[in-house]
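The values are calculated or read from the model by the stated rules, or taken from the named source; none is laboratory data. What you see is a predicted model, and the numbers here were worked out from it, not measured in a lab. Quick reminder, even Gly has a Cβ in these numbers, built from the backbone with ideal geometry, and neighbours come from all protein chains shown.
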Amino acid sequence: MTSPQDSVHPYAHPYIPNAVPAVRQAMLEEIGATGVEDFYADIPDGIRLHRPLDLPAPLRSEAELTRHMEELLARNTSTRQALSFLGSGCYQHHVPAVVDEVVNRSEFLTAYAGEPYEDHGRFQALWEYQSMMAELLDVEIVNVPVYDGFQASGTALRMAGRITGRRRVLVATAIDTDKLSRIRDYVRPDHEVTVVPVDPETGCADLEAVREALAAGDTAAVYADTPSALGIVDEALPRLAELAHDAGALYVVGCNPLTLGVLAPPSAYGADIACGDIQPLGLHQSFGGGNAGFIATRDEERLVAEYPSRLFGLVPTTVEGEYGFGDVAYERTSFALREEGKEWVGTAAALHGIGAGVYLALMGPQGMREIGETILSLTAYARRCLAEVPGIEVPYGDALHFADFTIRYTGGRTAAEIRAELKERGIFGGTPTGTHEASFCVTEVHTRSDIDRLAATLKEIVK
Amino acid sequence: MTASHAPVSVSPEEARIAGKPRLRRFQQASWDEKLIFELGSPGERGVLVPAADPSLGMPAIPAALRRAEPPALPEMSQQQVLRHYLRLSQENLGADLNIDVGQGTCTMKYSPKVNDQFVRDPRIAALHPLQDEDTVQGVLGIIHSLEQLLKEISGMDRVSLQPGAGSAAIYTNVAMIRAYFAARGEGEQRDEVITTIFSHPSNAACAKTAGFKVITLHPDADGYPDIEALRAAVGPRTAALLITNPEDTGIYNPRIEEFVRIVHEAGGLCSYDQANANGILGITRARDAGFDLCHFNLHKTFSTPHACGGPAAGACAVTEELAPYLPRPTVELDPETGAYRLDDDRPESVGKMRPFYGVVPNLVRAYAWIMSLGAEGLRAAAETAVLNNNYLLHKVRQIPGVSVPYAAGRPRVEQVRYSWEKLHEDTGLHSEDIGLRAADFGTHYWTSHHPYVVPEPMTLEPTESYTRADLDEYAAILAEIAREAYEDPETVRTAPHRSTIHRVRPQALDDPATWAVSWRAYRRKVLGEAGRR
C-alpha cells in the first residue's frame, strides 16, 4: 500500500492547489497530524484499496485533454452536418444566442442552493420562469423544473392519485413507449395503468373505449398527451376532460409548451394538471440530455399540497419595495419531512428553467404564435408532400399534426432499410415505429426546400 | 490633448496604499431590478423566428383547441432581455465567485471551464438521441468509457448513467432492489428499507415513493449509526439498507462491513449512497465493503457544475447479480468491431428512468474530469479534500460558540457537521443568522438538512478546490461573525447588510391566501387585480 505521506505528487494539479507539497506539509503541521492517513483512521484496513485505481494515465495538460476529446467528438455527426428530421421527444429548434449567453454565465452555471441573499438572481429568474410558464399555460402554479417530461407525467399522475384516493390511471392518447415504461414503473406502488388503444384509423382517442374503461370505476386520472406520440393534436381533448370529470377523475394532460402560442393550453379544455417537457423552449438536443419537466395547476391548496417539487414564491422583505423570494409550503417536501414528504425533491433541472424563461421572454406572445404557425404549416406541407411519393402512405389523414408525424411504406422495403439509405444520403429521419412505419419531424429550422429534398430522396429510395 | 504632468514631489507616506483588510469589503450587486413583467412594451421583440410560408397554407385548427388570447408574456427587445438576465446573474454568487465551502453535503468543487467547451460543441449539443449508432460513436464511447471508469472507482460490475441526478439514481437503485426481490418471489415480503437520519432525505423519500416502509436509524452516543438499532430493525421484511458513508456528519462508520453483513444475513441488499465519496476516491470502494449497489452524484464528486440545482447527473453501479435490472438501454461495446451500440433488449430491466440515455453534457464533463486526473489525481483530490476539511476543522473549533458533536477526538473525512448550540445559548442567535451575516462577506453558508438532529447545525465541506488562503479566509469570516454575535449581536441579527436584498418576510409563503408562485397569482391575491393583464 502506498502510504499517503509517501504519495508523490510530481506536480500540483491545477484543480488541486493544496497538493503543493510544501503547503500540504505546512497544513499538516498546523493541525498536528503526521499525515493524511491520520484522517482515515476510521476506515478499516480490510476494506482499504491497497493499490492505485486501475485507470488510464491522466491527460496531464489541457491541450492533451482537448486533443483527446476532439478525437472523440470527431466520431459524431451532428444534426448541423446532416439534414435531420428526428423528433419523438427531443426536438431540433433554434436556440437563440441570448439563451446560451445567460445559461453559460458562471454565476448561474456554477451556483447551487444559495439563499435569497447571495443568490437572489437565481430565485428571481426561476420565479419569472414559473410566471411566464403560468401565462403560457393559463394557470397560477408552475413548479421549479423536475428532471424531464417523463418524471413530470409520473408525478402528475401520482398527485392525481393522492388527491382522489383512487387506483386506476387511464392513458387515452397514443403514448411514447419509453414514457409509458417510466410512468408504469413510477406509479406502480399505488396505481395500475390502463392504456386505452387509440382508433387505428384516425390515430385519435377512442372515446367509446375510454367511456367503457371509466365505467369500471376507481379512476384517479385520465391522461392524454398533446401532441400525442403520433404527433396528433386530438380533437377529442375537451371531450376527454368531460369524461374524466363525469367519472370523478382528474384530467392530466402532457403537452408540448412550444405549441401554446397557437394552441389552447390544457387548462382551457378542462385539464386539472398540465405537465410536459421544456426541451423545445431553447434547450439543446445534447443527445437527449437536454430535457426538463414542468407541472402546472390551478392555485388550489389541495393541488399545491401534492407537489413534491420546489415552488418559489414572491414575498416582501423588511425593506419596502424589495422583491424577496422563498419556498412556498416548504413543509410539503422531502427536504423537510424525509419519507413523510411528497415523493422526493433533490437536484433536478433548475438551470433549464432559467434558459426556458429567457427563451419565453425573447419570444414573447408574437414569437410563440409565429413559431407555432410555422411548425403547423410545415408539418402539414411535409405530410402532403410525402403522401405524393409513390410507395408512401400518410396515415391519420385529417388529424392536426405538430412537428412529429408517421408515414407508412407500402412497398416491400422495411422502415429500417429506408432509414439506412436516407442516412447514406445525409438525411437523418424515419425512426421505425413498426416494420413499415416510420416517424419524421419538422420544426421551424426546416425550409420548404429541405422537405422537398426529403420527398425527392424518398422517391428514389422507396420502391 | 493630454495634460502634461509636471513632476511633483510626493512623499512615500503619501504614495502608500494601505493593505487590504483581513476580511474583504464586499458589496453584492444590487440593481433593484424589476420583475420581467414590468419591462418592455407591446410590440417589442426579442427574437424573430422563421415565418410561415403563406404559399404553404395553414391547417385548420379546431375551434376548441385554438388559443383564444395570446399568452401575456413580456414583450421586450433583445438587449433588454439580455440586460435583465445579466443583472440577475450579477445578483447571484455562483461557486466560481465565492469560497463555496458553506454548502456542505454538496461537494462544491471547481468545474473546469475546458469541460464546458466540450459540451457546447455542436457534436454534443446538436446530437439527436435517435440518430443511427454509427453517427454517434464518439458520445457512445464517452458514455461507455465513463462507465468503465466508475466501475473501477466503485469496484462494481456494471454501471448505468441514465438517472437524471443523484436522487434519481437513489430511486433507480431502489427500483432495481424492488425488481430483484419481485423476480425472486419475495416482492410482497420484503417491504422495508432501512436508512439513517444522517443520510440524504432522498434515501428515505425515494424508498417511500417506491412503496417501501422506511425505518430510520439514529446515531449512537458517539454519532455512529447505531448497530444495535440495525440488529433490531432487520428481518425477513428487510429489502435493503440505504446508507451514506461517511455520513453527512463527516464521520466514517468503521463498522460498515458489519452493517452490510447483518443486512445480508437477513436476506436484504445494501445500497451505498456515495454523495460523500469525494474524500475516499481511491481509498476504499463500495464493493470493498460488500455493497450490492451504489450511486454517485456526478455534479458533486465528478465536478460537473451544479447549475442552480440541476441539470445534474447520476450514476448507478451494481454487482453482476443486479445487472439484469439496470435501466435500458445499456451501452455495449462489440469487442470484434470496436463499435458501440445500444442494447434495448433487456427483459428484466426496470425500464426507462428518463428519456433517452442520461444527462449527456454532464457525462461528458465527468469523463473529461476523470481523464484529466487519472488514478493519482483522484487520490490527490480525495486526500486534499480530507486535509482541507481537517484543517478547517482545526481552525473552526477554536471559534467561541462552536462545537463538534459526536465521535470526540475522531477525525472527519470530507466534511464536518458543527453546532452553534453554545453560541445560540449565549446570544440567542441562530445558525441561520450566521448564514445571513456570512453573505455580507461575499460567501455562501447553509445550515444543514432537516431535521436538525445536531442543534443549530452548520455543515462545511471544503473539497480539494480551495487554497489554504481560502480556508483561512472562510474561518476568519466565521470567527468575525462569532465575535460580532457576542459583542454586537444586532449586526448579526439584522444581516444581511451588503446583499442584493434584505431579510425576506417569509410568512406569506405558507398561507394559501398569500403565497404567490406566479406573477398572475401575485396580482390577483396581493394586488387585488381582477382578470388578466
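Working only within region B:125-169, note down all residues that are under 18 Å from residue B:349 (Cβ atoms), in contact with a Leu (Cβ under 7 Å, 6 or more places away or on another chain) and not small (Gly, Ala, Ser).
B:143, B:144, B:147, B:158, B:159, B:161
Is it fair to say residue B:73 is more than 7 Å from chain A (Cβ to nearest Cβ), closer than 16 Å to residue A:364 by Cβ and either assigned to a loop (DSSP other than H, G, I, E, B) or in contact with a helix residue (DSSP H, G or I) (Cβ under 6 Å, 6 or more places away or on another chain) (or both)? Can you show your working first?
On the way: more than 7 Å from chain A (Cβ to nearest Cβ): no; closer than 16 Å to residue A:364 by Cβ: yes; either assigned to a loop (DSSP other than H, G, I, E, B) or in contact with a helix residue (DSSP H, G or I) (Cβ under 6 Å, 6 or more places away or on another chain) (or both): yes.
Considered against the rule, which asks whether it is more than 7 Å from chain A (Cβ to nearest Cβ), closer than 16 Å to residue A:364 by Cβ and either assigned to a loop (DSSP other than H, G, I, E, B) or in contact with a helix residue (DSSP H, G or I) (Cβ under 6 Å, 6 or more places away or on another chain) (or both), residue B:73 comes out as no.
Is it fair to say residue B:359 is closer than 26 Å to residue B:155 by Cβ, at pLDDT 95 or above and of a type in the set (A, V, I, L, M, F, W, C)? First the steps, then the outcome.
Numbers: closer than 26 Å to residue B:155 by Cβ: yes; at pLDDT 95 or above: yes; of a type in the set (A, V, I, L, M, F, W, C): yes.
Judged against the criteria, residue B:359 is a match.
Sort out which residues of region B:31-53 are among the aliphatic types (A, V, I, L, M) and either on the phi > 0 side of the Ramachandran plot or not in a loop (DSSP other than H, G, I, E, B) (or both), and write them in order of number.
To start, the set of residues in region B:31-53 that are among the aliphatic types (A, V, I, L, M) comprises B:35-36, B:39, B:47-49, B:51-52.
Answer for region B:31-53, where residues must be among the aliphatic types (A, V, I, L, M) and either on the phi > 0 side of the Ramachandran plot or not in a loop (DSSP other than H, G, I, E, B) (or both): just B:36.
Kindly provide the set of residues from region A:327-346 that are surrounded by 21 or more Cβ atoms within 10 Å (Cβ to Cβ), within 7 Å of chain B (Cβ to nearest Cβ) and touching a residue at least 24 places away in the same chain (Cβ under 8 Å), ordered by number.
Correct list: A:328, A:334, A:341, A:343, A:344.
Output the residues belonging to region A:145-169 that are part of a strand (DSSP E or B) and in contact (Cβ under 8 Å) with a residue 60 or more places away in the chain. Steps first, please.
Taking region A:145-169 as the starting set, the residues that turn out to be part of a strand (DSSP E or B) are A:146, A:168-169.
Scanning region A:145-169 gives a single hit, A:146.
Can you find a residue that is part of a loop (DSSP other than H, G, I, E, B), touching a Cys at 6+ places or on another chain (Cβ under 8 Å) and within 7 Å of chain A (Cβ to nearest Cβ) anywhere in region B:110-117? Walk me through it before giving the result.
Restricting attention to region B:110-117, the residues satisfying the condition of being part of a loop (DSSP other than H, G, I, E, B) are B:110-112.
Subsequent filtering for residues that are touching a Cys at 6+ places or on another chain (Cβ under 8 Å) retains none.
Checking region B:110-117: not a single residue is part of a loop (DSSP other than H, G, I, E, B), touching a Cys at 6+ places or on another chain (Cβ under 8 Å) and within 7 Å of chain A (Cβ to nearest Cβ).
Return the total of residues in region B:407-428 being modelled with pLDDT of 95 or more and surrounded by fewer than 23 Cβ atoms within 10 Å (Cβ to Cβ). Please lay out each step first, then the result.
So the first thing to find is which residues in region B:407-428 are modelled with pLDDT of 95 or more, and the list is B:412-428.
Restricting the remaining residues to those that are surrounded by fewer than 23 Cβ atoms within 10 Å (Cβ to Cβ) gives B:419, B:421-422, B:424-428.
Residues meeting the conditions: 8.
Among the helices (runs of 4 or more DSSP H) lying completely within region A:41-144, list those that include at least 2 residues that are out of contact with any Lys or Arg (no Cβ under 8 Å at 6 or more places or on another chain), more than 7 Å from every other protein chain (Cβ to nearest Cβ) and closer than 30 Å to residue B:382 by Cβ. Break it down into steps so the answer makes sense when it comes.
Values: elements: A:62-73, A:97-103, A:106-109, A:120-137.
The helices (runs of 4 or more DSSP H) meeting that bar are A:62-73.
Sort out which residues of region A:178-234 are more than 14 Å from every other protein chain (Cβ to nearest Cβ), in a helix (DSSP H, G or I) and of a type outside the set (A, V, I, L, M), and write them in order of number. Break it down stepwise before answering.
Of region A:178-234, the ones more than 14 Å from every other protein chain (Cβ to nearest Cβ) are A:194-201, A:203, A:206-223, A:230.
Now drop any that are not in a helix (DSSP H, G or I), which leaves A:207-215.
Once the filter is applied, which keeps residues that are more than 14 Å from every other protein chain (Cβ to nearest Cβ), in a helix (DSSP H, G or I) and of a type outside the set (A, V, I, L, M), region A:178-234 yields A:208, A:211, A:212.
Given the conditions (1) in a helix (DSSP H, G or I); (2) away from chain A (no Cβ under 11 Å), and given that residue B:235 satisfies all but one, which numbered condition is not satisfied?
Going through the list (1) in a helix (DSSP H, G or I); (2) away from chain A (no Cβ under 11 Å), residue B:235 breaks only (1).
Looking at the structure I just gave you, is residue B:240 surrounded by 24 or more Cβ atoms within 10 Å (Cβ to Cβ) and touching a His at 6+ places or on another chain (Cβ under 6 Å)?
Working: surrounded by 24 or more Cβ atoms within 10 Å (Cβ to Cβ): yes; touching a His at 6+ places or on another chain (Cβ under 6 Å): no.
No, not satisfied.
Just for region B:54-69: of the residues that are assigned to a loop (DSSP other than H, G, I, E, B) and at negative phi, which one is surrounded by the most Cβ atoms within 10 Å (Cβ to Cβ)?
As a first pass, look at region B:54-69 and keep what is assigned to a loop (DSSP other than H, G, I, E, B): B:57-62, B:67-69.
Imposing the further condition that a residue be at negative phi reduces the set to B:58-62, B:67-69.
On the way: B:58: 13, B:59: 19, B:60: 11, B:61: 18, B:62: 15, B:67: 21, B:68: 10, B:69: 10.
Here the answer is B:67.
For region A:378-399, which residues satisfy the criterion of being crowded, with 22+ Cβ neighbours inside 10 Å and either of a type in the set (Val, Ile, Thr) or closer than 30 Å to residue B:81 by Cβ (or both)?
Listed by number, the residues that qualify are A:378, A:379.
Please pick out the residue among B:475, B:469 that is in a helix (DSSP H, G or I), free of Cβ contacts under 8 Å to residues at least 12 places away in the same chain, within 26 Å of the chain's Cα centre (by Cα) and more than 30 Å from residue A:300 (Cβ to Cβ). Show your work before the answer.
Numbers: B:475 fails: free of Cβ contacts under 8 Å to residues at least 12 places away in the same chain.
The conditions single out B:469.
Considering region B:308-365 alone, what residues qualify as being aromatic (Phe, Trp, Tyr) and facing chain A (nearest Cβ under 9 Å)?
Residues of region B:308-365 that are aromatic (Phe, Trp, Tyr), as a first pass: B:325, B:340, B:356-357.
Across region B:308-365, the qualifying residues are B:356, B:357.
Would you mention how many residues in region B:87-109 are more than 7 Å from chain A (Cβ to nearest Cβ) and under 25 Å from residue B:48 (Cβ atoms)?
Count: 1.
Between a first residue in region B:366-384 that is facing chain A (nearest Cβ under 7 Å) and over 18 Å from residue B:113 (Cα atoms) and a second residue that is in a helix (DSSP H, G or I) and small (Gly, Ala, Ser), which pairs have beta carbons less than 6 Å apart while being 6 or more apart in sequence or on different chains?
B:380/A:19; B:384/A:19
What do you reckon, is residue B:147 part of a loop (DSSP other than H, G, I, E, B), in contact (Cβ under 8 Å) with a residue 60 or more places away in the chain and more than 7 Å from chain A (Cβ to nearest Cβ)? Spell out the reasoning first.
Values: part of a loop (DSSP other than H, G, I, E, B): no; in contact (Cβ under 8 Å) with a residue 60 or more places away in the chain: yes; more than 7 Å from chain A (Cβ to nearest Cβ): yes.
Against the criterion (part of a loop (DSSP other than H, G, I, E, B), in contact (Cβ under 8 Å) with a residue 60 or more places away in the chain and more than 7 Å from chain A (Cβ to nearest Cβ)), residue B:147 does not qualify.
Return only the number of the condition from (1) in contact with a helix residue (DSSP H, G or I) (Cβ under 6 Å, 6 or more places away or on another chain); (2) surrounded by 22 or more Cβ atoms within 10 Å (Cβ to Cβ); (3) within 30 Å of residue B:135 (Cα to Cα) that residue A:84 does not satisfy.
Status for residue A:84: all satisfied but (1).
May I ask you to list the residues in region B:509-529 that are within 7 Å of chain A (Cβ to nearest Cβ) and in a helix (DSSP H, G or I)? It would help to see each step written out before you state the result.
Here is the first cut: in region B:509-529, the residues within 7 Å of chain A (Cβ to nearest Cβ) are B:509-510, B:512, B:515-522.
Residues satisfying the conditions are B:509, B:510, B:519, B:520, B:521, B:522.
Do we find that residue B:447 is of a type in the set (Val, Ile, Thr), part of a helix (DSSP H, G or I), more than 9 Å from every other protein chain (Cβ to nearest Cβ) and surrounded by fewer than 23 Cβ atoms within 10 Å (Cβ to Cβ) in this structure?
Here the answer is no, as residue B:447 does not meet what is asked.
Would you confirm whether any residue within region B:496-508 is small (Gly, Ala, Ser), within 8 Å of another protein chain (Cβ to nearest Cβ), touching an Asp or Glu at 6+ places or on another chain (Cβ under 8 Å) and in contact (Cβ under 8 Å) with a residue 60 or more places away in the chain? Give the derivation first.
Here is the first cut: in region B:496-508, the ones small (Gly, Ala, Ser) are B:499, B:508.
Then keep just the ones that are within 8 Å of another protein chain (Cβ to nearest Cβ); that gives B:499, B:508.
Next cut, touching an Asp or Glu at 6+ places or on another chain (Cβ under 8 Å) only: B:499.
After this cut, where a residue has to be in contact (Cβ under 8 Å) with a residue 60 or more places away in the chain as well, the list is B:499.
Scanning region B:496-508, I find at least one residue that is small (Gly, Ala, Ser), within 8 Å of another protein chain (Cβ to nearest Cβ), touching an Asp or Glu at 6+ places or on another chain (Cβ under 8 Å) and in contact (Cβ under 8 Å) with a residue 60 or more places away in the chain, so the answer is yes.
Does region B:151-161 include one or more residues that are part of a helix (DSSP H, G or I), facing another protein chain (nearest Cβ under 7 Å), closer than 30 Å to residue A:94 by Cβ and under 23 Å from the mean Cα position of the chain (by Cα)? Working first, answer last.
Going residue by residue through region B:151-161, those that are part of a helix (DSSP H, G or I) are B:151-154.
Those left that are additionally facing another protein chain (nearest Cβ under 7 Å): B:152-153.
Filter once more, so that each one left must be closer than 30 Å to residue A:94 by Cβ: none.
No; the residues of region B:151-161 include none that is part of a helix (DSSP H, G or I), facing another protein chain (nearest Cβ under 7 Å), closer than 30 Å to residue A:94 by Cβ and under 23 Å from the mean Cα position of the chain (by Cα).
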